[in-house]
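Below is one structure; the comments refer to it alone.
Only the coordinates and a few stated rules stand behind these numbers; no lab work does. Quantities reported herein were computed from a predicted structural model and do not represent experimental measurements. Cβ atoms come from the backbone with ideal geometry, glycine included; neighbour counts cover every protein chain shown.
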Amino acid sequence: MDTHIVERLADFISDGNMDAEMIHTESEHSAISAAIGASATGVRVFTATASQGLALMHEIMFIASGLRLPIVMAVANRTLSSPINIWNDQQDSISERDSGWIQFYAESSQEALDLTIMAYKIAENHSILLPAMVCIDGYVLSHLYEGVNMPSQKEVDSFLPKFKPYHKLDPDKPITLGPIGFPEHFQLFKQQQQEAMLKSIDIIKKTQNEFYKIFKRKYSLIETYKVKDANTVIVGMGTLCGTARVVVDGLRDIKKKKIGLVKITCFRPFPKNELIKSLKGKNIIVIDRNISLGMEGALASELKSILPNVKGIVTGLGGKDVTKEIIIKAISAKDRSWL
């Protein structure tokens, strides 16, 4: 899934169009470890992965966040085995929601590009310094081609300044990264990460506004569609939102039902206040492409913690298509239904 991304980057480098060095490693565990080492020396770092590869990174994901290294990674969302399955759902990245990485979910190729550019500016902000992942639905985005507005290098440079690391490994100015954290100190580090994650809400908003001024494409933590007068609102992430938007239009035009849609672009930090403001008083139908076995979909659980009248639907696992018909069924299905 992520192979296309790094192969194209390799082309850019070999053709002299990108001043970068590509490090070849034997596994994803090694890849994220190399990314940490590179970032710690004060350079801008990118990597990409998917599915079992992201799971293999799990141990090191917490280290990247704990060291406060602003690595950016693309995740081509793909399910986790077993049984063996190479198709799309969001189980892989949702399983890393507690690792301290900012998480964005793209609906389109344009969003994937734009969110990656913004992710660097957000992650590298000296009041944040957390790694970020941009999640793109595997196959649906990673293996299909669609036109995008490709910004020029001059435009990107005007938006994203040169990387100025807050701290880096330097023989002339020795520092220690990742020493032992004794019990009386460890929790303080976690508090600092939590504060940075919560603070990033405002930095993300500011960055999205700055992006709009230059590129004229508007982004927000959540995107609402025909929600204001809606009685019932569908909530989801990623490419299923495009299908849901068509369903909303159809039910409004043909059935005269007041249906709306909320697309969550930023899952970590969780946009609690924005969701409460948009969804208060609504009947909420959450469509999750993941399952926390023994409970329900992760997005449904989180919304139930802040709002009433939330119904969780699990579907689209292992690449199952989330069709218009399934979304329509979700509206009348019972809570915790599988469709």
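Summary table below
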{"item": "For the chain, average projected area of the Cα convex hull in nm²", "result": "18.7"}
{"item": "Rg and Dmax [Cα atoms of the range 189-255; Å; Rg one decimal, Dmax integer]", "result": "16.6, 54"}
{"item": "Residues with amide H under 5 Å from that of residue 222, placed H, sequence gap 5 or more", "result": "265"}
{"item": "Set of aspartates and glutamates near residue 257 by C-alpha distance (under 15 Å), chain-local residues within fewer than 8 positions excluded", "result": "229, 249"}
{"item": "Relative contact order computed over the range 222-338 (Cα-Cα under 8 Å; 6+ residues apart), in percent", "result": "27"}
{"item": "Contour excess over end-to-end distance, with Cα ends at residue 127 and residue 173 and 0.36 nm allotted per residue", "result": "14.4 nm"}
{"item": "Expected 222 nm ellipticity per residue - DSSP helices of 4 or more, -39500 (n - 2.57), all of the chain, to 500", "result": "-12500 deg cm²/dmol"}
{"item": "Placed amide H near residue 234: partners under 5 Å, 5+ positions off or other chain", "result": "260, 261, 262, 285"}
{"item": "Cα gyration tensor shape of the range 172-224, rounded if a/c is under 1.5, else prolate or oblate by comparing a/b with b/c", "result": "oblate"}
{"item": "Taking 79, 243 and counting other C-beta atoms within 10 Å, the order from fewest to most", "result": "243, 79"}
{"item": "Whole-Hz ³J(HN,Hα) from phi, Karplus 6.51 cos²θ - 1.76 cosθ + 1.60, for the range 244-260, glycine and proline x", "result": "4, 5, 5, 4, 4, 4, x, 5, 5, 6, 9, 9, 6, 8, 8, 10, x"}
{"item": "Percent of beta bridges antiparallel (DSSP, the chain, rounded to nearest 5)", "result": "15"}
{"item": "³J(HN,Hα) computed for each position of the range 227-241 - Karplus, 6.51 cos²θ - 1.76 cosθ + 1.60, integer Hz, glycine/proline x", "result": "8, 3, 9, 6, 8, 10, 10, 8, 10, x, 9, x, 5, 4, 5"}
{"item": "Relative packing of peptides 180-189, 45-54 - highest average C-beta neighbours within 10 Å first", "result": "45-54, 180-189"}
{"item": "Dimensionless Rg over Rh [the range 97-144; C-alpha; Kirkwood]", "result": "1.03"}
{"item": "Relative contact order of the chain, pairs being alpha-carbon contacts under 8 Å that are 6 or more residues apart, as %", "result": "16"}
{"item": "Per-residue Cβ neighbour rank within 10 angstrom, fewest leading, 247, 43", "result": "43, 247"}
{"item": "20 Å Cα-Cα reach of residue 162 towards lysines, excluding residues that sit fewer than 8 places from it in its own chain", "result": "121, 154, 206, 213"}
{"item": "Neighbour-count ranking [beta-carbon atoms within 10 angstrom, fewest first] of 212, 120, 225", "result": "212, 225, 120"}
{"item": "Long-range HN-HN contacts of residue 257 with modeled amide H, under 5 Å", "result": "252"}
{"item": "Per-residue HN-Hα couplings for the range 322-332 [Karplus 6.51, -1.76, 1.60; θ = phi - 60°; Hz; x = Gly/Pro]", "result": "9, 8, 4, 4, 5, 5, 5, 5, 4, 5, 9"}
{"item": "Two-site label geometry, residue 213 and residue 81: point separation in nm, points 7 Å out along Cα→Cβ", "result": "5.0"}
{"item": "Of 272/311; 190/282; 216/255; 218/255; 216/320, pairs whose Cα-Cα distance is over 28 Å", "result": "190/282; 216/255; 218/255; 216/320"}
{"item": "Order by protection proxy (mean Cβ within 10 Å, highest first), peptides 65-76, 12-23", "result": "65-76, 12-23"}
{"item": "Cross-link partners of residue 334 among aspartates and glutamates (Cα-Cα below 17 Å; sequence separation of 8 or more within a chain)", "result": "288, 296, 325"}
